Amino acid sequence: NNPLSSDPDDALVPWPERCTGWRLWKMLEEVAGATPEQYVAAFDRRNLVSGRGWSAAAGREAAPTVLKELAGRTVLVLGAATIECLKLERHGPGWYAPGPRGVSYGWLPHPSGRCPWYNDPANRRLASMVLASLYQGYLEEAA
């Protein structure tokens, strides 16, 4: 969750520098050249739990409502704890699978800055390509 704001519109924003949203935007920028404003416009960014603190119990409680809100959409879930709260099967990072309520979902480890998975250039490239693919879908829909 955003430690600087509990406003849902601030979920995964690309500021301040080096926050989780900034890391996501930088990966997208690397392969798609997106600006921070384009990143914000392209993705419906949300936290599973509102507020500044994380709680798996609150995540499990919020999961049915969130899945209902996301019915029929493509979703990128960030973090093992989040995918477990949503009760979605964890496939390999970047792989997409059908989920409940027509949700197509993929997952990546959480890019919080504490996850060593992103230190491997191949993993970071995979994450960048997943983000770029979703961004391209947004661009095609907007055209």
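The table below lists the values:
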item	result
Qualifying residue in segment 44-59 (condition: of a type in the set (D, E, K, R) and part of a helix (DSSP H, G or I))	no
When residues of segment 99-120 are limited to those that are part of a loop (DSSP other than H, G, I, E, B) and without any contact (Cβ under 8 Å) to a residue 12 or more places away in the chain, the one surrounded by the fewest Cβ atoms within 10 Å (Cβ to Cβ)	Arg114
Residue match in segment 76-89 (condition: in contact with a strand residue (DSSP E or B) (Cβ under 7 Å, 6 or more places away or on another chain), of a type in the set (Val, Ile, Thr) and outside any helix (DSSP H, G or I))	yes
Pair list, Cβ < 8 Å and 6+ apart or interchain, from segment 46-69 residues that are farther than 21 Å from Gly102 by Cβ to residues that are in a helix (DSSP H, G or I) and open to solvent by less than 40 Å² (accessible area, probe 1.4 Å)	Val49/Ala58; Val49/Gly59; Val49/Ala62; Ser50/Ala62; Ala56/Cys85; Gly59/Thr82; Gly59/Cys85; Arg60/Cys85
Long-range neighbours under 7 Å by Cβ, at least six apart or interchain, first residue without any contact (Cβ under 8 Å) to a residue 24 or more places away in the chain within segment 11-29, second assigned to a helix (DSSP H, G or I) and buried (at least 22 other Cβ atoms within 10 Å of the Cβ)	Trp25/Tyr39
Segment 6-59: number of residues that are under 19 Å from Gly79 (Cβ atoms) and either of a type outside the set (Asp, Glu) or open to solvent by 60 Å² or more (accessible area, probe 1.4 Å) (or both)	35
Test result for Tyr96, in contact with a Phe, Trp or Tyr (Cβ under 8 Å, 6 or more places away or on another chain), among the hydroxyl-bearing types (Ser, Thr, Tyr), in contact (Cβ under 8 Å) with a residue 12 or more places away in the chain and surrounded by 12 or more Cβ atoms within 10 Å (Cβ to Cβ)	yes
Number of the exception - Tyr138 against (1) hydroxyl-bearing (Ser, Thr, Tyr); (2) more than 14 Å from the chain's Cα centre (by Cα); (3) within 12 Å of Leu76 (Cα to Cα)	(3)
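The values are calculated or read from the model by the stated rules, or taken from the named source; none is laboratory data. Bear in mind that the values here come from a model prediction, so they are computed numbers and not experimental data. Please note: Cβ atoms are built from the backbone with ideal geometry, for glycine as well, and neighbour counts cover all protein chains shown. Protein only, heavy atoms only, side chains kept; ligands, DNA and RNA dropped before computing areas. Shrake-Rupley method; radii C 1.70, N 1.55, O 1.52, S 1.80 Å.
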